[in-house]
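The values are calculated or read from the model by the stated rules, or taken from the named source; none is laboratory data. On a predicted model such as this, the values are computed, not experimentally measured, just so you know. Here the Cβ positions follow ideal geometry from the backbone for every residue, glycine too, while neighbour counts run over all protein chains shown. Each accessible area value is taken on the protein alone, full model and side chains, heavy atoms only, with ligands, DNA and RNA left out. Shrake-Rupley method; radii C 1.70, N 1.55, O 1.52, S 1.80 Å.
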Amino acid sequence: MLSVQARTVASITLRATMGRRRALLFALPPLILVLVTVLLKAAHAERADWPSLILGGFGLAVVLPLTALIIGTSVLGAEIDDGSVVHLLATPVPRSTVILSKFAVATGLTMLFAAVPEFLAGLIATGGPSRLAVGVLAGALAGSVIYNALFVMISVLTTRAIAVGLLYLLVWESLLSNVVSGVRVLSAEQYSLGIANSIARDGNLNAHLGVATAAAMGAAVTVIALGLAVRRLGAFSLKGDAV
């Protein structure tokens with residue numbers, strides 16, 4: 001059961017996040033994914049492997065992280081930018097409660113705006129609840145957790161969370177993880193693809209990690225990122241950091 005403090009922080013975060021104009025951006029990448037899938041399905045695309053290429057290479061590798069970036073940096077980043085986080089830290093709410101509540105809201109919203117459309121696109125692309133559709137849903141759900149832990153942490157570490165998050169996605173996830181094989185074990189994208197492929201069994205998803213490695217590393221990265229976020233947020237009140 002969530003504590004009263006956690007429910008209060010989560011409720012305030014949800015209203016504030018969905019009330020901002022940025023919330024309009026949440027649905028844009030998933031909408032593009034679904035529309036592209038519908039168009040390809042209607043056009044009877046010649047390549048038989050297009051569903052896995054779209055759902056994996058575009059859905060899990062682009063739509064999911066971008067949606068998580070927008071949402072994950074919104075739940076706390078705006079409060080740090082405008083300084084209102086100081087008022088929150090002045091209350092007797094444990095720093096871990098603040099981080100975990102905001103992380104839970106961000107994860108839930110990402111699942112709603114990215115994982116559900118990913119599954120819908122999978123149903124459209126494959127004509128029903130196929131192994132591929134269920135697999136990418138599982139990968140998107142896992143990715144929602146991992147990416148948001150990272151982006152919430154980044155929001156606490158810097159006031160330029162969007163820029164840093166984009167740099168991370170472009171350089172680490174899109175470039176290095178596809179060029180340097182050793183980087184893949186530290187890639188959130190590969191964690192999502194590995195979990196998805198454990199169900200889909202589709203080589204076109206380009207998953208380079210087994211499900212055991214993907215799940216274990218994903219869990220470790222999530223715990224470490226949230227731990228660092230809690231510690232850093234506590235430092236705001238202890239040191240009186242200007243934000």
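Which one of L193, L233 is modelled with pLDDT under 95, crowded, with 18+ Cβ neighbours inside 10 Å and not small (G, A, S)? Quick ask: steps written out before the conclusion?
Working: L193 fails: modelled with pLDDT under 95.
Going through L193, L233 in turn, just one is modelled with pLDDT under 95, crowded, with 18+ Cβ neighbours inside 10 Å and not small (G, A, S): L233.
Show the residue pairs that are 6+ apart or on different chains and have beta-carbon atoms under 6 Å apart, the first residue being within region 95-116 and part of a helix (DSSP H, G or I), the second being among the aromatic types (F, W, Y) and open to solvent by less than 20 Å² (accessible area, probe 1.4 Å).
F113/F26
Against the conditions (1) assigned to a helix (DSSP H, G or I); (2) touching a helix residue (DSSP H, G or I) at 6+ places or on another chain (Cβ under 9 Å), where does L24 fall short? Just the number, please.
(2)
What residue, of L40, L88, L76, is open to solvent by less than 60 Å² (accessible area, probe 1.4 Å), touching an Asp or Glu at 6+ places or on another chain (Cβ under 7 Å), modelled with pLDDT under 95 and not aromatic (F, W, Y)? Before the answer, list the steps.
On the way: L40 fails: touching an Asp or Glu at 6+ places or on another chain (Cβ under 7 Å); L76 fails: touching an Asp or Glu at 6+ places or on another chain (Cβ under 7 Å).
Exactly one residue qualifies, and that residue is L88.
Collect the residues in region 113-137 that are surrounded by fewer than 20 Cβ atoms within 10 Å (Cβ to Cβ) and within 14 Å of L205 (Cα to Cα), keeping them in residue-number order.
Of everything in region 113-137, those that are surrounded by fewer than 20 Cβ atoms within 10 Å (Cβ to Cβ) and within 14 Å of L205 (Cα to Cα) turn out to be R131, V134.
Sort through L141, L157 and tell me the only one that's open to solvent by 30 Å² or more (accessible area, probe 1.4 Å), of a type outside the set (D, E) and at pLDDT below 95.
Numbers: L141 fails: at pLDDT below 95.
Unique residue meeting the criteria: L157.
Quick check on my filter: what residues within region 1-37 are more than 20 Å from the chain's Cα centre (by Cα), surrounded by 15 or more Cβ atoms within 10 Å (Cβ to Cβ) and of a type in the set (S, T, N, Q)?
Correct list: Q5, T8, T37.
Please pick out the residue among A188, A161, A149, A115 that is under 24 Å from W50 (Cβ atoms) and among the small types (G, A, S). Talk me through it step by step, then tell me what you get.
Working: A188 fails: under 24 Å from W50 (Cβ atoms); A161 fails: under 24 Å from W50 (Cβ atoms); A149 fails: under 24 Å from W50 (Cβ atoms).
That would be A115, the only listed residue that is under 24 Å from W50 (Cβ atoms) and among the small types (G, A, S).
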